[in-house]
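Comments concern the structure below.
The values are calculated or read from the model by the stated rules, or taken from the named source; none is laboratory data. Source: prediction; values computed, not measured. Every residue, glycine among them, receives a Cβ derived from its backbone with ideal geometry; neighbour counts consider all protein chains shown. Calculation scope for accessible area: heavy atoms of the full protein, side chains included, ligands and nucleic acids excluded. Shrake-Rupley method; radii C 1.70, N 1.55, O 1.52, S 1.80 Å.
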Amino acid sequence: MTSSSIPDTLASPEDYAKLPGAPAAPADIAFTLEACSDIVLRATITAVYDTDPATGLASDPAVRKALTDATCIQAAAWVTLGIKPFAGGVVQGGIKTSAKVGSASFEYAGAAQAAATRADAAVTLVPAALRRLQNRGLISQQVRVI
């Protein structure tokens, strides 16, 4: 980025509403988008793009859209997984791993992996958001010489 201004959010509730297949927006969607913006900004901290000095948002419409889309995708994952940003980064509730019916008990297959995935989604980009940014050249594993 070429701006010293860092935006509070990369997406609006209106942007979220345009995301195809996104779950219904909860009442706290603006706060969720703000929290997800932090994750997207952290993931793209080494990306080089011009920004509006007043807002800190990307000047290039394609870059701005990629950042907005990734933020909305992350927020949709959080809504789906029940991750609440106002919990201060603490993953709330768990994934049920077993059940008992009468004297019989059983464990759900993949429950531990589901719990780990949910916990990871609270602090890092979900795969779809990561791919959106990679496909737009904002996250790369290649070294750039400027």
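Structure values in brief
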{"item": "The listed residue being modelled with pLDDT under 90 and not polar (S, T, N, Q), out of PHE31, PHE86", "result": "PHE86"}
{"item": "Filtered residues of the stretch 34-59 (kept if among the acidic types (Asp, Glu) and surrounded by 14 or more Cβ atoms within 10 Å (Cβ to Cβ))", "result": "GLU34, ASP38, ASP52"}
{"item": "Condition met for ALA11 (in contact with a Ser or Thr (Cβ under 6 Å, 6 or more places away or on another chain) and in a loop (DSSP other than H, G, I, E, B))", "result": "yes"}
{"item": "Criterion violated by THR80 - all others in (1) touching a Pro at 6+ places or on another chain (Cβ under 7 Å); (2) modelled with pLDDT under 65; (3) not aliphatic (A, V, I, L, M) satisfied", "result": "(2)"}
{"item": "GLN134 vs. criteria open to solvent by 60 Å² or more (accessible area, probe 1.4 Å), under 17 Å from LEU10 (Cβ atoms) and either modelled with pLDDT under 75 or not basic (Lys, Arg) (or both)", "result": "yes"}
{"item": "Residues within the stretch 37-81 that are of a type in the set (Lys, Arg) and part of a loop (DSSP other than H, G, I, E, B), tallied", "result": "0"}
{"item": "Among (1) open to solvent by 30 Å² or more (accessible area, probe 1.4 Å); (2) under 15 Å from the mean Cα position of the chain (by Cα), the one test that ALA62 misses", "result": "(2)"}
